[in-house]
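**Student:** Have a look at this one before I ask anything.
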Amino acid sequence: MTTDSSRTSTTASGGISTFKGQERALRADRLGTGGLLLSVLAATAPLMVVAGVMPTTFAVMGIVGQPLLFVVLGVVLILFSVGYAEMSRHVHNAGAFYAYISRGLGGTAGAGAALVALVAYNALQVGIYGIFGFEVSGLLATYADVEIAWWIPALVAALAVGLLGWLKIDVNARVLGVLLVIEVLLVVVFDVAALADPGKEGLSLHAFNPDTLTGAGVGTALCFCIAAFLGFEQAPVYAEETSRPHVLVPRVMFLAVGGVAVFFALSSWALTVATGPSAIVGTAQKQSAGLLFFLTESRLGGTFTDVLHVLFVTGMFAALLSFHNVVARYAFAMGREGLLPAAFGRTSGSSGAPGTGSLLQTVVAVVVVAAFAIADDKPVGDPTAPVLQLFTWFGNIGALGVIVLMAAASLSVVVFFVRRGAAGTQAWRLVTSVLAGIALLVIAGYTVKDFEVLVGAGPGSALSWVLPGTIGLAALAGVVLGLVLRARAPEKHARIGLGNEAFQLDKAASS
């Protein structure tokens, strides 16, 4: 065996052998079904959805049939997951979306998808700091009589999340898991209480009536509600860190999509039952983000409501951790394949985590939060205050980016299996991918069309095209990068989407 330090053999622990050292691979066998599921579900921030997204959808869009909307979107995302999960059996790469798109549509399209994914997940993660800081400062003012600016807890959280990003993923999974389980249990307690003590219309199923999904607000409601699911698609990002990715990743994806759809459908139905379907829109408009807490106060008491407020914050912190881990792994995958500087393609020696990618995400978060803090010259309650714009602007940019990636991934699944001559054996999966892709394109179209509503901008505002244009610009920049690599460094272009497989090939060629 050669003693060249640039080559390594398979480690005693069973880790993946890599060219130029173990640092080029994420550490395997770190996640089982439970840890992977908890890491993925934490990004959905269930309490943030129930307390934030659902009241907004009822109030702003006036859509009583939100429970049915979650069922419909659950079906669409299960159709998407069929092909996406099958793809995960063939491609194991921390840059899941762009790796799949690369394998189906080519390296140049994959480079475009990589930049979109990096921007989208960064936006989703950074946007949460706005609402997180807002809520923490409110809690401190209410319960501790301490007045602090929103950006102070936001920056503290950014540093804490960055520190955890350097630690082992199983540590993060335990943190995420404890927060998630408590959060879900409290929402379930409310659901049971609402069904046991319904409003004047009783246990009405009116919210599941298709007639409730009519009107101009349905398209915008689709955008809001699909954002509530984001997180399930992250399972393949951790594929290299599981012992049996071809089994665990599809299993976790279907558990996540199915569980989230049922949970959100039942919870949004419980909100309509608690107020009565005819009163839910008016009550949501009056209470806004305080709707859930208003309803728990009368049914479960002040102590329960206080705990729920605290869990609202911890749930957001769990989502921050989860999105941070995903961004770090995308940066790692891109660095490993030449789409970012090589330093991003190495892991931390002590933990095996993608440390440089973690640092990049932390720096981005700190810079953006600081910029919004400097620009904040309005009262916190003002709907145009930068602290709230940080959440709405970045959250919707991120949601649009992921929707576009899912649509592109659906197409890539079809092309991938057709090119491999497997169209016959995979026929039903290809059909589901086509149906999901069409549905996702429709949702993306509604998202762009109604972006000024989503971000609270006035008619004709430049924000209605500048903000979604960020995703288009990222895609264009990525495609240009891919074309440059294909012309000037074809060997790097050929690596796009291959992940650790490329370094296995390098090692074999150099032996």
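The values are calculated or read from the model by the stated rules, or taken from the named source; none is laboratory data. Computed from a prediction, not measured in an experiment: that's the story for all the values here. FYI the Cβ positions are ideal-geometry reconstructions off the backbone, even for glycines, and counts take in every protein chain you see. SASA here: full protein model, heavy atoms, side chains in, ligands and nucleic acids out. Shrake-Rupley method; radii C 1.70, N 1.55, O 1.52, S 1.80 Å.
**Student:** Starting with the highest mean, order 73-84, 112-123 by the number of other Cβ atoms within 10 Å, averaged over the residues of each peptide.
**Tutor:** Those peptides, ordered most packed to least, come out 112-123, 73-84.
**Student:** Just the number please: accessible area per residue for region 395-460, 1.4 Å probe, all protein chains included, in Å².
**Tutor:** With the other protein chains kept in place, region 395-460 gives 42 Å² per residue.
**Student:** May I ask you to derive the FRET efficiency for Leu140 and Ala422 from their Cβ-Cβ distance with R0 = 56 Å, giving the value to the nearest 0.05?
**Tutor:** Here the calculated transfer efficiency is 0.45.
**Student:** While we're looking at this one, here's another question. What is the sum of charges around Val413, taking Lys and Arg as +1, Asp and Glu as -1, for the other residues whose C-beta is under 14 Å from the C-beta of Val413?
**Tutor:** Net local charge, Val413 excluded: +3.
**Student:** Show me the ranking of peptides 202-210, 324-332, 284-292 by mean Cβ neighbours inside 10 Å, starting with the highest.
**Tutor:** Per-residue mean Cβ counts within 10 Å order the peptides as 324-332, 284-292, 202-210.
**Student:** Using the Karplus curve 6.51 cos²θ - 1.76 cosθ + 1.60 with θ = phi - 60°, work out ³J(HN,Hα) for each residue of region 183-196 in order, rounded to whole Hz, and write x for Gly and Pro.
**Tutor:** The phi angles translate into 4, 5, 4, 5, 5, 4, 4, 4, 4, 5, 5, 5, 6, 6 Hz.
**Student:** Let me ask another. When the accessible area of region 360-462 is computed with all protein chains present and a 1.4 Å probe, what percentage of it is carbon and sulfur?
**Tutor:** That fraction is 72 percent.
**Student:** Using 31 Å as the Cα-Cα cut-off, could you pick out the over-long pairs in Lys200/Lys378; Lys378/Lys449; Lys449/Lys492?
**Tutor:** Pairs exceeding the cut-off: Lys200/Lys378; Lys449/Lys492.
**Student:** Between Glu491 and Ala343, with labels modelled 7 Å along Cα→Cβ, what's the label distance in nm to one decimal, could you check?
**Tutor:** 2.3
**Student:** What spacing in nm lies between the two simple spin-label points modelled at Ser288 and Phe254, each 7 Å away from Cα in the Cβ direction?
**Tutor:** Output for this residue pair reads 4.3 nm.
**Student:** If you stretched the chain out fully between Arg299 and Val484, how much longer would it get, using 0.36 nm times the residue separation minus the C-alpha to C-alpha distance?
**Tutor:** Going from the current span to full extension adds 60.4 nm.
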